[in-house]
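Here is the structure we will look at, set down as structure tokens.
FYI, it's all coordinate maths here, none of it is from the lab. Since the structure is predicted, the reported quantities are computational estimates derived from the model, not experimental observations. Here Cβ is always computed from backbone atoms with ideal geometry, including for glycine, and neighbour counts include all displayed protein chains.
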Amino acid sequence: MHARSYLLLATLVSTAEGHGALTVPTTRRGNTGYENDPVAFDSEAWVCRHAVRNPDVPLFEIEAGQKTQITWSFSAAHVGDCAVFLSYDVTKPLAEQRYFKIANLPKCKDQNRLPVDIDMPDWLPGGEAILRWDWYGLHQGAGNPEFYSQCADLNVKPGPRAVTTESIVKYPIIGAYPEAKVGGQSTGAYRNAFGSGKNLDDPGFIMTGPPCADKDSPLNNCDLTKTAEGGGAIDGGDGDGGDGGGGDTAEPPACSPILYTVQMGDTLTSIADANSLTQQVDWIQICSANTLPDCNVIEVGQELTIPCDVNLSAQLEADDSDGGSDGGSGGVIAGVVITLLLAGALIAFAIWRYKKPAAAPPPPKQVVEVGAFTA
Ligand SMILES: [Cu+2]
């Protein structure tokens, strides 16, 4: 019994933690279904979540020198930055593939679920290639990023300025991003998205990761990583080193759960989206926090607690440590009670999910509106 509860809880928690994926072009998963869990940034899944091309997905056609549109979908729109890399090593295993960057996508939550133009460099070689999209989420602080990746397979139509693949400086993805924390201390390699590196204009705003293959390119925000290390030339040339540091170690501000009264036309998804900036939760977390018997059913006038993602993870980690937030014995007791309530809610929700294995939680877009009578 206990073992099963723990297993279910673990499953739920890993689901609730995962928060974003590329949806256009169609990735190697072959659909836009849930594949949002974070990956370890030193794992092969960080290169691509699938080792080989999906034969059911046609190659996505792109043309050197032209724009192409991509789209990502975040179910919890965390602060952080995205980037696009290419590789022509389509027949090599993930660990041997070498990549180069073509685009920086700072603050990519601001384009959540929108078509985003990428300028394909006019010097791209022709042939089959891998488009690799990644995202580091900074909602847990500069020292604790979450990493996400997706790969899609391309056919590149070259332009008149095409170079050879050999003339592009390439590198493995594992190791292309710096450690976020060493010896318990933030390395400052990632920006403080809640403070000094919040906005593009801030002096502390840095994009982390290697420079674009053409580091002097004015396209695709490549100037943001112009001085970074790790590649950045299409003629085998220079590399002027660089700093890349400048972040600080501040942690995200604690946010508090808020009460929300359901309005006409609301869905759990729309509520999660509307509060994503402060609460950073998705519809699954709201459903779970309110122990709703059915995530599809909410009623106008119903009061929902919208929890806070940062506090949720902190709370889960705290678990059987003191759990108190202000040190007094009252605080400790309150903390334990809250932890127990939260665990109970998660287990209840997990059991609810377990009882309906055929009906996995619906994709957010399909959450049914309830109470939509004409006023
Ligand atoms: Cu997340």
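For this structure, a couple of remarks:
- Cα-projected label distance for GLN302 with VAL52, points at 7 Å along beta-carbon direction, nm: 4.6 nm
- Pairwise label distance in nanometres, TYR34 with GLN185, each label 7 Å out on the Cα-Cβ vector: 4.0 nm
- Protection proxy ranking, peptides 195-203, 153-161, average beta carbon neighbours within 10 Å, highest first: 153-161, 195-203
- The residue list LEU105, ILE130, GLY33 was ranked by how far each Cα lies along the charge dipole of the stretch 19-225 toward its positive end, using unit charges on Cβ atoms, and GLY33 comes out on top.
- Full-extension gain in nm, ASP294 to LYS226, via 0.36 nm per residue minus C-alpha separation: 19.5 nm
- Normalised alpha carbon radius of gyration of the stretch 68-193 [divisor 2.2 N^0.38 Å]: 1.14
- When the stretch 119-167 is reduced to its Cα atoms, the Kirkwood hydrodynamic radius in Å: 13.1 Å
- Theoretical FRET efficiency, 1/(1+(r/R0)^6), r = Cβ-Cβ of SER43 and GLU63, R0 30 Å, to 0.05: 0.35
- Under Karplus coefficients 6.51, -1.76 and 1.60, residue-wise ³J(HN,Hα) of the stretch 179-191 in Hz, glycine/proline x: 4, 8, 9, 10, x, x, 10, 4, 7, x, 7, 10, 6
- Rounded to the nearest 20, the Cβ-based charge dipole of the stretch 58-148 about its Cα centre (Lys and Arg +1, Asp and Glu -1) stands at 240 debye.
- Taking 0.36 nm per residue of separation and subtracting the Cα-Cα distance, full extension of the segment from LYS157 to SER270 would add 36.7 nm.
- Full extension of the chain between ASP202 and ARG113 gives 29.5 nm of extra length, using 0.36 nm per residue less the Cα-Cα distance.
- Net charge of the neighbourhood of LYS67, taken over other residues with C-beta under 11 Å away and scored Lys/Arg +1, Asp/Glu -1, is -3.
- Under 11 Å, Cβ to Cβ, from LYS198 - net charge with Lys/Arg +1 and Asp/Glu -1: 0
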